[in-house]
Amino acid sequence: MIAWLERERQKRTNADQPSSSSAAPSTPTILNATTVSTSGLQLGARQATKRKAARPAIPAADVAGGAAPGQAAAPRDVAPAVPACLDPVAVLPSELLFRILAYLPLQSRSQWACVSRAWRRVACAWPRLWKDLPLVANTARGAKALNGLVVETLVRRAKSKLRTLHIRAPALTDATTRKIAAFGHLKQPRLGRDFPDLMDFAFVDNRRIPSATLVTLCAAFGANLRRLTLSGTCIKDEDLAKLFSRIPALETLSVAECTSITGDAFTLVQDPLALRVLDMRDCCMSSTTAAAAMSTRCPQLEHLDLRGNRQLSPLCYRPLAHLAHLRRLLLTGAGGSFPDSAHLMLVGFFSHVQLVELEFGLCPALDGNNLQALFTKSHASLENLRMPGAANVPVAALQLLSSDATPCARLRVLDLSQCQQLGAAVATRNPEVAGLFAKLPSLRVLCLNQFGDLLDSDGAKLLLRGVSIDLRHLELRGCAIADDVLLALVTNLPRLRMLDVSGCTRITPAGLDQARRVRTGVQVRFQTTRKDESGVRKRILT
């Protein structure tokens with residue numbers, strides 16, 4: 001490089017000097033860093049001088065402000081043109097461009113593909129960008145734009161990489177849905193080969209589409225489905241039975257808030273199903289025959305959600321005892337108020353099924369006998385127990401949690417909010433509640449909310465004596481604890497991350513500040529209500 005610069009300098013020097021036959025040949029010199037820099041600057045200056053000399057003179061009329069008559073206009077340097085914007089498709093590597101586009105939502109990616117033909121070709125060349133299609137249209141205008149052509153275009157871009165197709169359009173019409181289903185039927189003969197990864201299909205929150213159209217739509221894309229979501233639709237039992245026959249490998253089904261579902265679809269199916277997760281929240285299941293058919297046709301069922309089934313009869317629980325693989329049962333608000341004669345049914349149910357998670361929110365039928373039967377059979381596998389508002393559960397039944405005969409060593413979540421008998425025992429300083437949670441080593445979440453004056457500072461110290469130091473989440477909302485208990489909790493629980501004391505009127509701002517200074521890693525949540533200037537009570541979070 002240095003030799004080349006020296007040769008260029010010599011050429012420029014010889015060109016500037018007049019030619020002479022007697023001129024002595026130039027002797028090459030060794031250049032150092034300073035000489036190279038100076039030579040480069042001189043070379044750049046000479047080239048700039050030549051360019052200015054070769055540039056035509058600018059007329060005087062074109063000079064800003066004009067020039068005096070008879071005077072030559074001063075030459076003006078024209079600013080170089082601004083370079084055009086570089087095309088990211090032509091400049092960026094394909095891997096980097098793909099990573100950038102992968103972070104964009106689906107709508108932005110679709111708009112990016114409409115900029116030019118070149119960009120559209122690049123977008124269509126990467127099917128992985130379109131493998132997940134969450135098509136959401138919450139307005140009538142969005143539903144009008146979400147037509148069969150849009151779905152067909154996006155699905156064709158995904159090619160064989162299509163994995164998820166979710167359609168949420170409350171205003172979507174029946175005609176448009178039929179067009180989408182018609183495109184699926186065109187691909188149906190080769191659906192297994194064209195979309196081998198399409199295992200999750202959802203069509204939710206639309207009660208305008210008839211049940212027969214939903215069956216046609218799901219069958220069009222449902223050759224290899226593993227998960228089907230039809231929440232908030234008008235699907236019926238007889239049409240659901242048709243889907244079971246057309247989608248034999250279905251493992252997860254959600255028909256939440258489908259008021260036409262009563263469970264009779266299982267009575268219309270002859271072959272066993274592969275269902276493992278069944279969500280029937282807010283449905284109308286009430287028949288014992290349907291429950292018996294469910295337990296027979298779904299032998300591998302592990303998760304059953306029957307929350308909000310107000311018409312559910314207690315007699316439906318006995319057939320469900322045959323579900324040997326059931327691990328999670330949600331019954332919050334199911335069945336309303338059970339009569340006393342139903343207690344034996346629940347006891348028999350618990351004694352045959354080992355549960356991992358049980359939720360009995362506000363269930364009046366739960367009492368000490370039920371818990372005893374549950375802990376006797378499922379104490380080794382119980383991980384989640386939520387029973388807020390269980391007014392009939394005595395303290396003697398809760399003592400089985402830490403009993404040596406039925407140790408719940410895997411229990412991680414426990415919710416005993418608004419348990420009246422527990423609150424009364426704490427208020428009277430019953431020694432049976434002392435160290436109630438001491439033998440729960442895996443406990444991570446504990447909820448003791450809305451006890452009011454029954455759970456004051458002394459009662460909290462008595463009840464939480466010996467609680468696991470690995471506790472991460474503690475809720476004491478609406479209790480009568482004071483600043484000393486708050487400070488003791490954040491000090492003695494080293495792994496605590498969340499402490500909710502909202503509505504505890506005896507806790508002062510000074511106590512909150514002191515607790516937060518002692519443990520900076522704990523999120524102390526305190527939410528209360530105060531009146532503003534107009535007299536309206538508003539929630540204030542500090």
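The values are calculated or read from the model by the stated rules, or taken from the named source; none is laboratory data. Only a predicted model underlies this, so the values are computations on that prediction, with no experimental measurement involved. Counting neighbours? That spans all protein chains shown, and the Cβs are built from the backbone with ideal geometry, glycine included. When the accessible area is computed, the model is the full protein with side chains, heavy atoms only, and any ligands, DNA or RNA have been set aside. Shrake-Rupley method; radii C 1.70, N 1.55, O 1.52, S 1.80 Å.
Taken across segment 124-139, residues that are open to solvent by 50 Å² or more (accessible area, probe 1.4 Å), in contact with a Phe, Trp or Tyr (Cβ under 8 Å, 6 or more places away or on another chain) and assigned to a helix (DSSP H, G or I) do occur, with at least one present. Give the residues of segment 475-501 that are out of contact with any Ser or Thr (no Cβ under 8 Å at 6 or more places or on another chain) and more than 14 Å from G521 (Cβ to Cβ), sorted by residue number. Within segment 475-501, L476, C479, L486, L487, A488, N492, D500, V501 qualify.
Kindly indicate the residue of segment 220-242 that is among the hydrophobic types (A, V, I, L, M, F, W, C) and open to solvent by less than 10 Å² (accessible area, probe 1.4 Å) and also nearest to D264 (Cα to Cα) among those meeting that condition. Top of the filtered list is L240.
Against the conditions (1) within 18 Å of P134 (Cα to Cα); (2) at pLDDT 85 or above, L243 satisfies every one except (1). Taken over segment 464-477, the criterion of being among the β-branched types (V, I, T) and buried (at least 19 other Cβ atoms within 10 Å of the Cβ) is satisfied by V467 alone. Going by the conditions given, is L443 open to solvent by less than 20 Å² (accessible area, probe 1.4 Å), in contact with a Leu (Cβ under 9 Å, 6 or more places away or on another chain) and assigned to a strand (DSSP E or B)? When the stated conditions are applied, L443 does not pass them. Does segment 393-400 contain any residue that is in contact with a Gly (Cβ under 7 Å, 6 or more places away or on another chain), of a type outside the set (D, E) and in a helix (DSSP H, G or I)? Yes, because at least one residue in segment 393-400 is in contact with a Gly (Cβ under 7 Å, 6 or more places away or on another chain), of a type outside the set (D, E) and in a helix (DSSP H, G or I).
Within segment 208-234, the set of residues being within 24 Å of the chain's Cα centre (by Cα) and of a type in the set (V, I, T) comprises T229, T233.
A Cβ distance below 9 Å, combined with a sequence gap of six or more or placement on separate chains, defines the contacts here; from segment 410-433, residues that are on the phi > 0 side of the Ramachandran plot reach residues that are open to solvent by 80 Å² or more (accessible area, probe 1.4 Å) and assigned to a loop (DSSP other than H, G, I, E, B) in the pairs Q418/L362; Q418/Q450.
Restricted to segment 146-156, and to residues there that are over 26 Å from the mean Cα position of the chain (by Cα) and either in a helix (DSSP H, G or I) or closer than 20 Å to E95 by Cα (or both), the residue that is modelled with the lowest pLDDT is G148. Of the helices (runs of 4 or more DSSP H) contained entirely in segment 227-327, those carrying at least 1 residues that are more than 25 Å from T177 (Cβ to Cβ) and touching a Pro at 6+ places or on another chain (Cβ under 7 Å) fall at 288-297.
Taking segment 362-407 as the range and being of a type in the set (D, E, K, R) and open to solvent by 40 Å² or more (accessible area, probe 1.4 Å) as the test, the residues that pass are K377, E383, R386, D404.
I'd like to verify a number: residues in segment 428-443 that are within 42 Å of the chain's Cα centre (by Cα) and more than 11 Å from L463 (Cβ to Cβ), how many? Count: 5. Sub-8 Å Cβ pairs linking a first residue in segment 126-141 that is among the polar types (S, T, N, Q) to a second residue that is modelled with pLDDT of 80 or more and open to solvent by 70 Å² or more (accessible area, probe 1.4 Å), at least 6 apart or interchain, are N138/R168, ordered by first then second residue.
To keep it simple, each residue is scored yes or no on (1) crowded, with 19+ Cβ neighbours inside 10 Å; (2) touching a Gly at 6+ places or on another chain (Cβ under 9 Å).
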| site | (1), (2) |
| --- | --- |
| C479 | yes, yes |
| L487 | no, yes |
| L493 | yes, no |
| P509 | no, no |
| G521 | no, no |
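Would you pick out the residues in segment 278-294 that are within 31 Å of the chain's Cα centre (by Cα) and open to solvent by less than 50 Å² (accessible area, probe 1.4 Å)? Residues satisfying the conditions are L278, D279, M280, C283, C284, M285, M294.
Yes or no, residue by residue, for (1) over 19 Å from L382 (Cα atoms); (2) in contact with a Lys or Arg (Cβ under 6 Å, 6 or more places away or on another chain); (3) at pLDDT 85 or above; (4) not aromatic (F, W, Y):
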{"site": "M294", "(1), (2), (3), (4)": "yes, no, yes, yes"}
{"site": "H303", "(1), (2), (3), (4)": "no, yes, yes, yes"}
{"site": "G308", "(1), (2), (3), (4)": "yes, yes, yes, yes"}
{"site": "R328", "(1), (2), (3), (4)": "no, no, yes, yes"}
{"site": "G335", "(1), (2), (3), (4)": "yes, no, no, yes"}
{"site": "S341", "(1), (2), (3), (4)": "yes, no, no, yes"}
{"site": "L344", "(1), (2), (3), (4)": "yes, no, no, yes"}
{"site": "S351", "(1), (2), (3), (4)": "no, yes, no, yes"}
{"site": "L355", "(1), (2), (3), (4)": "no, no, no, yes"}
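Of the residues making up segment 201-219, one or more are at pLDDT below 85, open to solvent by 10 Å² or more (accessible area, probe 1.4 Å) and touching a Gly at 6+ places or on another chain (Cβ under 9 Å). Going by the structure shown, is V433 farther than 17 Å from L398 by Cβ, among the β-branched types (V, I, T) and buried (at least 18 other Cβ atoms within 10 Å of the Cβ)? It is false that V433 is farther than 17 Å from L398 by Cβ, among the β-branched types (V, I, T) and buried (at least 18 other Cβ atoms within 10 Å of the Cβ).
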